[in-house]
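Everything below concerns the one structure shown next.
The values are calculated or read from the model by the stated rules, or taken from the named source; none is laboratory data. Values in this document were obtained by computation on a predicted structure and should not be read as measured data. Here Cβ is always computed from backbone atoms with ideal geometry, including for glycine, and neighbour counts include all displayed protein chains.
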Amino acid sequence: AKQMNVETDIITLTRFILEEQQHVAPSATGELSLLLNSLQFAFKFIAHNIRRAELVNLIGVSGTANATGDTQKKLDVIGDEIFINAMRSSNNVKVLVSEEQEDLIIFEGGGKYAVCTDPIDGSSNIDAGVSVGTIFGIYRLKEGSKGSINDVLRKGTEMVCAGYTMYGASAHLMLTTGYGVNGFTLDTQLGEFILTQPNLKIPNTRSIYSVNEGNSFYWPDYVKKYIEDLKKPQDNGKPYSARYVGSMVADIHRTLLYGGIFSYPADTKSKNGKLRILYECFPMAMLMEQAGGRAINDKGERILDMIPKGIHDKSGIWLGSKGEIEKFVTYIK
Ligand code: AHM
Ligand code: MG
């Protein structure tokens, strides 16, 4: 008979979480594992809706659907609702911060965790079919806390877990619980995230920069000088390549896999940059560091050591390969 080349011992996200828990924290109660299970449901559900979105929109345009005049919910609203419902029903979350919600949400029940999320980051790209993603960071509630803003206005170093799911050609989940970064790819037929990038490490250098250069008029001089220098031939005779999707998850995903540097600096127009500390900068910074890279603000301070004063506070950010960040740092005055 013909032999089939089938991997019969794959590592699913659920298996990975259970095994990691046994190795890393045998005394753990399993609550974070349950929370991660609710998270992966949210990712699958959002991925499913993003896949359908284009079709739904196309049909909508032709006038055959939505004839009742119902206004269709935008995907960022759907993503936010899916995420909130998944976190509430997990019973392990007490505090939720979402980019889409002005105030933090405190759930009834006895959850021990606080979750910060941008449910659909890069949503301005959705109609063009460009990758978007869900970013998340998780804290354990402070000792004795019944759930308050103080559970999230903390240093990024206090997160117990962070990551993102990028909804691209496939859905990719990059996850860290503080013991390196592991990448999973959603097998839609199986309905499971499969471990595809165990213990991912970012290359130490790579001649790629990723920044919205349309803002360069507003940049401080040292940023202008740094980017100008990248465009000159380097030691290998070639200048850096520019890559900018405009979806943070997609730009960070490429940076994690290929190396390079990503930035959204503060400028005279956006005095604190554009990206939000709790659910954009912190989770990406934790992933970068856990993959062997670095993440700093415009002053060269470690992002994860910052303490936000408000849940939607922003910061300028530079992150990526260690060697590339070290090079940039020499330009900071
Ligand atoms: P959003 O959360 O409203 O989608 O905005 C965040 C996005 C990031 O994904 C991306 O890095 C950045 O905004 C792009 O901004 P710009 O269009 O100014 O370059
Ligand atoms: Mg965002």
Next on the checklist: I'm checking my understanding of the structure. Among residues of segment 79-123 that are in a strand (DSSP E or B) and within 16 Å of ligand 1 (Cβ to nearest atom), which one is nearest to Ile50 (Cα to Cα)?
Outcome noted: Ile120
Item to check | Those residues of segment 77-135 which are of a type in the set (Phe, Trp, Tyr) and more than 15 Å from ligand 2 (Cβ to nearest atom), in sequence order | outcome: Phe107, Tyr113
Next on the checklist: Regarding segment 133-140, can at least one residue be identified that is surrounded by 15 or more Cβ atoms within 10 Å (Cβ to Cβ) and over 14 Å from the mean Cα position of the chain (by Cα)?
Outcome noted: yes
Next on the checklist: Residue pairs, Cβ under 7 Å, 6 or more apart or interchain, first in segment 110-128 and within 14 Å of Arg276 (Cβ to Cβ), second away from ligand 2 (no atom under 15 Å from the Cβ) and in a loop (DSSP other than H, G, I, E, B). List them.
Outcome noted: Cys116/Val152
Next on the checklist: I need the full set of residues from segment 29-51 which are among the aromatic types (Phe, Trp, Tyr) and more than 15 Å from the chain's Cα centre (by Cα), in order please.
Outcome noted: Phe41, Phe45
Checklist outcome for this item: Those residues of segment 229-279 which are within 16 Å of ligand 1 (Cβ to nearest atom), at positive phi and either without any contact (Cβ under 8 Å) to a residue 60 or more places away in the chain or surrounded by fewer than 16 Cβ atoms within 10 Å (Cβ to Cβ) (or both) amount to Gly246, Gly273
Item to check | Candidate set: segment 208-235, residues that are in a helix (DSSP H, G or I) and basic (Lys, Arg); chosen: the one nearest to ligand 2 (Cβ to nearest atom) | outcome: Lys224
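Residue by residue, here is whether (1) under 14 Å from the mean Cα position of the chain (by Cα); (2) part of a helix (DSSP H, G or I); (3) of a type in the set (D, E, K, R); (4) under 13 Å from Thr157 (Cβ atoms) holds:
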| site | (1), (2), (3), (4) |
| --- | --- |
| Tyr279 | yes, yes, no, no |
| Phe282 | yes, yes, no, yes |
| Glu289 | yes, yes, yes, yes |
| Gly292 | no, no, no, no |
| Ala295 | yes, no, no, yes |
| Asp298 | no, no, yes, no |
| Leu304 | no, yes, no, yes |
| Ile307 | no, no, no, yes |
Checklist entry - Given the residues Gly293, Gly316, Gly300, Gly323, which is the only one that is crowded, with 20+ Cβ neighbours inside 10 Å, away from ligand 1 (no atom under 15 Å from the Cβ) and small (Gly, Ala, Ser)? => result Gly293
Checklist entry - For Asp251, are the conditions met, namely being within 15 Å of ligand 2 (Cβ to nearest atom), modelled with pLDDT of 95 or more and either of a type in the set (D, E, K, R) or assigned to a helix (DSSP H, G or I) (or both)? => result yes
Checklist entry - Which of the residues belonging to segment 82-111 are of a type in the set (D, E, K, R) and loosely packed, with under 15 Cβ neighbours inside 10 Å? => result Glu102, Asp103, Glu108
Checklist entry - Could you give every pair whose Cβ atoms fall below 6 Å, whose first residue belongs to segment 27-42 and is acidic (Asp, Glu), and whose second residue is buried (at least 16 other Cβ atoms within 10 Å of the Cβ), counting only separations of at least 6 or pairs across chains? => result Glu31/Asn92; Glu31/Lys112
Checklist entry - If you go through segment 124-160 one residue at a time, how many are part of a helix (DSSP H, G or I) and not acidic (Asp, Glu)? => result 8
